[in-house]
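The values are calculated or read from the model by the stated rules, or taken from the named source; none is laboratory data. All values reported here derive from a predicted model rather than from experimental measurement. Note that each Cβ is placed from the backbone with ideal geometry, even for glycine, and that neighbours are counted across all protein chains shown. Just so you know, the surface numbers come from the protein's heavy atoms only, side chains and all, with ligands and any DNA or RNA stripped out. Shrake-Rupley method; radii C 1.70, N 1.55, O 1.52, S 1.80 Å.
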Amino acid sequence: MAWFRKERKPRVPRRERLEIPPDAWEKCEACGHTDIREKFARNLNVCPECDYHRRIRAVEYVNILLDENWEETEEDLKSADPLGFPEYSARLKKAQTNAGDTDAILTATGAVGGLPVNLGVMDFAFMGGSMGSVVGEKIARAGQRSLERKQPFLIVSASGGARMQEGVLSLMQMAKASAILSQLAERRIPYVSILTNPTTGGVSASYAMLGDAILAEPGAVIGFAGPRVIKQTLGQDLPEGFQTAEFLVEHGMLDAVVHRRDLKATVGQLLRHMTGKPAAALTAP
Amino acid sequence: MATASLDFEKPLVELERRIDELRRLADDRELDVQNELAPLERRLTELRSEIYRNLTPLQRVQVARSARRPFTQDYIDRCFTDWIELHGDRQYRDDGAIVAGWARLDGESVMVIGHQRGRDTKENLRRNFGMPYPEGYRKALRLMKLAEKFQVPIVTFIDTPGAYPGIGAEERGQSEAIARNLVEMAGLQVPIVATVIGEGGSGGALALGVADRVLMLENAVYSVISVEGCAAILWKDGKSPEMREKAARALRITAPDLYELRVVDEVIPEPAGGAHADHEVTAKNVREALLKQIDELRRLKPEKLVRRRREKFLKMGRFVG
């Protein structure tokens, strides 16, 4: 028996070994860069090549912003069809099947770098992040919790505006959110608003623009009227980069444009300043 | 004087023309036509009531938008005394789409703020069809703060297709201006009464509408989106009367609808034939409603007033769970 006989492995053709299943690849919608899906995911769904911030789900933002062991709140609230609006019930059912049960906002309680907060994250996947009675109620309840516990309040917005299938009740959610924010302001409880792509209409014209700090992700479209409406009204093309986060910073409407990977640290830093806490080790010189 | 002009008012037009003719004839020839005139006028009143009792939601939109309807300035002239207009946001410019100033209601000072539309092209250019820029909302907020400083009630009139969607408006922060008004109004320590007198168009209307009492004229409308916009987005047809009517019905934008949804606290009746048929009577109804509401609100301590206002809006919305 030979002591040093080489163990024969079945030969694997080189090409086959390198082959990655075709559905593991993803292409950046902005620059066309193609990469392994995992690489996009590891990069928080920001294109490794051009920094394009892809749209992500609400729960992903919660994971990005909050420390482990956060808890979802207001889970039991569901949209009704208060006006009996044509096709609304069916659309709701479809949205619940496709996007889940949290409606267009997920609320949670947790901590940012050890600092307890209450958070709401809108989800564009649920009927375009439209704001109806449930969105307003969840914001009111999460805000109320912030008020009672004296904990900062955060909202990540992603919305085309009010949900027209709930008519004027949707419009009133703007006032409702403002009623809770005015109380937070009165008690000096910080509220940070984070704007993602897109934040327009009734959402931008209420809580999105009322943060003690307002941050936005790069490239996010932010505005009162959607670009299509303005184009239609004016009958002319809009300037390059109009209504992007960068445009808004330039015009003094936002505090900063922040890369997704820096969101948590930036929010933490701001909250520490506003609540009189010492700097986190991360941001200390 | 002829007051009818909308398509569904056609039966009135003919009758009004005959009454006018008869009157002119009587004047010219110094005839007594009272016997002929009386039945015609009776018939006109009946017909007006009949038509206005059965208005569809879309017809109410037409009435609400009519240029013959009383505007904010018409109410200022008829319901108040001692008016002095104030201008400008102290930051950028004076926005003609919002008028504001001191006035007296039954002798007591109030701050009046309202959207102002125009009746002709020239006036509409100045008023931008009642569609404010951010500076309009900032003027409104500046003067609401002034009212608070001197502990004077605020009376607002809502009458706008919406906040203006344009490049300058976006650059100067239309969203922020509206949002700021909402949050500030939610905390102002003086009574606020808002009245929707014509079209209450979305956020641009609500920016004057976070009030202790929200009143609405019988034929006014208040909506999250225009019927045209809604029909265009949902059914790809914002032009045809059928789809606009469908949207107007679905959105529940009329005063009785909003009263039932508890968004509006009181519906102010309009004379037969609508507010445009008789500005005097309409203004009298509005004035009475304002007096009653402000009188009630004045009795509340500021903290209680603000708490109740917040609670009122925090209760709005309908959901399961």
- Interface buried area B-A, accessible surface with 1.4 Å probe, both sides summed, nearest 100 Å², comes to 4300 Å²
- With a point put 7 Å past each Cα toward its Cβ, work out how far B:ARG307 is from B:ASP295 in nm, to one decimal. 2.6 nm
- Would you work out which of A:GLY143, B:MET243, B:TYR92 lies farthest towards the positive end of the dipole of the protein assembly as shown, given +1 charges on the beta-carbon of Lys and Arg and -1 on that of Asp and Glu, about the Cα centre? A:GLY143
- Shielding by other protein chains, B:220-230, mean Cβ within 10 Å: 4
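Of all beta bridges DSSP finds with both residues in chain A, what is the antiparallel percent, to the nearest 5? Intermediate values should be presented prior to the final figure.
On the way: 16 of 35 bridges.
Around 45 percent of the beta bridges assigned by DSSP in chain A are antiparallel ones.
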- the stretch A:60-99 and the stretch B:103-130 have their Cα centres apart by a whole-number Å value of 42 Å
- Message: If you count only protein heavy atoms with a 1.4 Å probe, what accessible area per residue comes out for the stretch B:7-54, rounded to a whole Å²?
- Response: 73 Å²
- Query: What trypsin sites (Lys or Arg not before Pro) does the stretch A:183-285 have in DSSP loop regions with at most 13 other beta carbons within 10 Å?
  - Reply: A:ARG187, A:ARG188
- Item | Signed unit charges on C-beta, dipole axis of the protein assembly as shown, positive-most listed residue B:GLN34, B:PRO132, B:GLY187 | B:GLY187
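Using a simple charge model, +1 on the beta-carbon of Lys and Arg, -1 on the beta-carbon of Asp and Glu, nothing else, what dipole does the stretch B:7-54 show about its Cα centre, in debye to the nearest 20? Don't skip to the end; give the middle numbers.
On the way: 10 positive and 14 negative charges, 38 e Å.
Magnitude of the dipole: close to 180 debye.
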- Query: Among B:ARG117, B:ARG68, B:ARG43, whose mean-square fluctuation peaks in a Gaussian network model of chain B (Cα, cutoff 10 Å)?
  - Reply: B:ARG43
- Once Lys and Arg get +1 and Asp and Glu get -1 on their Cβ, which of B:VAL281, B:GLY101, A:ALA280 lies farthest toward the positive end of the dipole of the protein assembly as shown? A:ALA280
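Where the only charges are on Cβ atoms (+1 Lys, Arg; -1 Asp, Glu), what is the dipole of the stretch B:113-198 about its Cα centre, to the nearest 20 debye?
On the way: 12 positive and 9 negative charges, 53 e Å.
Approximately 260 debye in magnitude.
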- Task: Just the number, please: carbon plus sulfur as a percent of the accessible area of the protein assembly as shown, 1.4 Å probe, no ligands or DNA/RNA counted.
- Result: 49 percent
- Angle in degrees between helix A:133-149 and the longest Cα principal axis of chain A, rounded to the nearest 10: 90 degrees
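Just how large is the dipole of the protein assembly as shown about the Cα centre, in debye to the nearest 20, putting +1 at every Lys and Arg Cβ and -1 at every Asp and Glu Cβ? It would help to have the intermediate numbers written out before the result.
Numbers: 87 positive and 86 negative charges, 458 e Å.
In debye, rounded to 20, the protein assembly as shown gives about 2200.
Per-residue ellipticity at 222 nm for chain B, helices alone: DSSP H runs ≥ 4 residues times -39500 (n - 2.57), over residue total, nearest 500 deg cm²/dmol? Can you show the working numbers first?
On the way: 14 runs with 161 residues, N = 321.
Helix-only estimate at 222 nm: -15500 deg cm²/dmol.
For A:MET274 and A:ALA256, compute 0.36 nm times the residue count separating them, minus their Cα-Cα distance, and round to one decimal in nm.
Details: separation 18, 0.36 × 18 = 6.48 nm, distance 1.64 nm.
Using 0.36 nm per residue and subtracting the Cα-Cα distance, I get 4.8 nm.
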- Message: Pick from A:LEU77, A:LEU238, A:LEU271 the residue whose mean-square fluctuation is largest in a GNM of chain A, springs joining Cα atoms under 10 Å.
- Response: A:LEU238
- Query: Against the longest principal axis of chain A, how steep is helix A:167-186, in degrees 0 to 90 to the nearest 10, with axes from Cα atoms?
  - Reply: 90 degrees
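Just check the stretch B:7-54 against the gyration tensor rule for me: Cα atoms, a ≥ b ≥ c as the square roots of the eigenvalues, rounded for a/c under 1.5, and otherwise prolate or oblate depending on whether a/b exceeds b/c. Display every interim value, and only then the final one.
Numbers: a/c = 5.13, a/b = 2.13, b/c = 2.41.
Taking the square roots of the gyration eigenvalues as a ≥ b ≥ c, the stretch B:7-54 is oblate.
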- Note on the structure: The set of cysteines in the protein assembly as shown having no other cysteine's C-beta under 4.7 Å reads B:CYS79, B:CYS230
- Using a Förster distance of 41 angstrom, determine the FRET efficiency expected from the C-beta separation of A:HIS33 and A:ASP67, and round it to 0.05. 0.80
- Message: Cross-link candidates for A:LYS27: which lysines have Cα within less than 18 Å, leaving aside residues fewer than 8 places away along the same chain?
- Response: A:LYS39
- Message: So if each residue of separation counts as 0.36 nm, and I subtract the Cα-Cα distance between B:LEU86 and B:ARG262, what length gain in nm does that give?
- Response: 60.0 nm
- Euclidean distance of C-alpha centroids, the stretch B:67-86 and the stretch B:169-239, integer Å: 20 Å
- So what's the gap between the Cα centers of the stretch A:215-253 and the stretch B:247-321, to the nearest angstrom? 35 Å
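Given a 1.4 angstrom probe, what's the average accessible area per residue across chain A, in square angstrom? Walk me through the intermediate numbers first.
Values: 14050 Å² over 285 residues.
Per-residue value: 49 Å².
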